[in-house]
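The values are calculated or read from the model by the stated rules, or taken from the named source; none is laboratory data. No experiment lies behind these values; they were computed from the predicted model shown. In this analysis, Cβ positions are derived from the backbone assuming ideal geometry, glycine residues included, and neighbour counts consider all displayed protein chains.
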Amino acid sequence: MILSVDGIEFSYPGKTVLKNIKFTVNKGEVVSVLGVNGAGKSTLLRCINRILKPQKGTVLIDKFDIGQLNEVEVAQKIAYVPQNTNGNHYMTVFDTVLLGRKPYIKWEASKADLEITGDILKLMKLEKYALRNSNELSGGELQKVIIARALVQKPQVLLLDEPANNLDLKNQLEVMKIIRNISRTQNISSIVVMHDLNLTLRFSDKFILLKDGKIFSEGDSRIINTQNIKEIFNVDAYVDNYNGIPIVVLV
């Protein structure tokens, strides 16, 4: 186990968003958080990353309480890709990704920082854009750059809020493959907020279904079934299988 979320509760003034959230994520796992808009998915990621301070509960990474760490220490353990991202129009793609090394840079970027940045750009198939400014990129290309910036942090925990947002079908598959593979090869615990059930079924190890700020169900792909889809999303569907790949079919 690497990440433990224990009893997280969070409220905005007059509105309770998360209620007694408890789960664990092992090294190398990709866990998808699913639910309708307003279920608390994005708020949960921000509480884990300490962008928001929960009223109750703790988040532990390798038994370190995130609430007791400073910002740099948190950034060395957790990388976060928010749902809406904006690039710096006056920075190249290389420099934008290099910013992810900031928690490790004291005076100037080291040779190792530059090499890590180059390696991640290659992994994300962005090396040909390295010297282009971010304002020259499409929304999908920029999304991949922001994910690359998170990966160069070399985090223990990777939080991604709709990482396939703004991507075409090919890039959706490519990005999700990268997230799954880098999680496994580098023993990163990844938590992904998703809306596309078919995409998440294909690339996730575990699933958390949120409803009204609570965990409705948690487990492997078997919890993505007709009954739970109806309960969470209020649509009729069934799960079929095509060449070993589970597929959600709307009725």
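Structure summary
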| item | result |
| --- | --- |
| Entirely in the stretch 18-130, the helices (runs of 4 or more DSSP H) that have 3 or more residues that are among the β-branched types (Val, Ile, Thr) | 93-98, 111-123 |
| Residue list for the stretch 1-17, restricted to those being in contact (Cβ under 8 Å) with a residue 12 or more places away in the chain and in a strand (DSSP E or B) | Leu3, Ser4, Val5, Asp6, Gly7, Ile8, Glu9, Phe10, Ser11, Thr16, Val17 |
| Filter result for the condition that a residue is over 21 Å from the mean Cα position of the chain (by Cα) and of a type in the set (D, E, K, R), over Lys22, Lys15 | Lys15 |
| Positions within the stretch 119-128 being touching a residue at least 24 places away in the same chain (Cβ under 8 Å) and under 24 Å from Pro103 (Cβ atoms), in sequence order | Ile120, Leu121, Leu123, Met124, Leu126 |
| Qualifying residue in the stretch 126-143 (condition: acidic (Asp, Glu) and modelled with pLDDT under 90) | yes |
| Within the stretch 160-176, tally of residues that are of a type in the set (D, E, K, R) and at pLDDT 90 or above | 2 |
| Residue count, the stretch 75-96 (criterion: buried (at least 19 other Cβ atoms within 10 Å of the Cβ), within 17 Å of the chain's Cα centre (by Cα) and either closer than 13 Å to Leu142 by Cβ or modelled with pLDDT under 90 (or both)) | 1 |
| Residue in the stretch 183-218 that is surrounded by the most Cβ atoms within 10 Å (Cβ to Cβ), counting only those that are out of contact with any strand residue (DSSP E or B) (no Cβ under 8 Å at 6 or more places or on another chain) and over 23 Å from Ile21 (Cα atoms) | Leu199 |
| Yes/no for Ser11 being polar (S, T, N, Q), buried (at least 16 other Cβ atoms within 10 Å of the Cβ) and closer than 27 Å to Asn228 by Cβ | no |
| Members of the stretch 162-177 that are more than 16 Å from Val145 (Cβ to Cβ) and either crowded, with 22+ Cβ neighbours inside 10 Å or within 12 Å of the chain's Cα centre (by Cα) (or both) | Met176 |
| The stretch 110-129 - residue that is surrounded by fewer than 17 Cβ atoms within 10 Å (Cβ to Cβ) and hydrophobic (A, V, I, L, M, F, W, C) and, of those, farthest from Val74 (Cα to Cα) | Leu123 |
| Options Arg46, Arg50; residue that is farther than 17 Å from Leu210 by Cβ and surrounded by 14 or more Cβ atoms within 10 Å (Cβ to Cβ) | Arg50 |
| The stretch 202-243: number of residues that are within 25 Å of Lys27 (Cα to Cα) and not acidic (Asp, Glu) | 17 |
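Let's see how each residue does on (1) over 14 Å from Gly213 (Cα atoms); (2) modelled with pLDDT of 95 or more; (3) surrounded by fewer than 21 Cβ atoms within 10 Å (Cβ to Cβ); (4) among the aromatic types (Phe, Trp, Tyr):
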position	(1), (2), (3), (4)
Val36	no, no, yes, no
Gly40	no, no, no, no
Lys63	yes, no, yes, no
Gly67	yes, no, yes, no
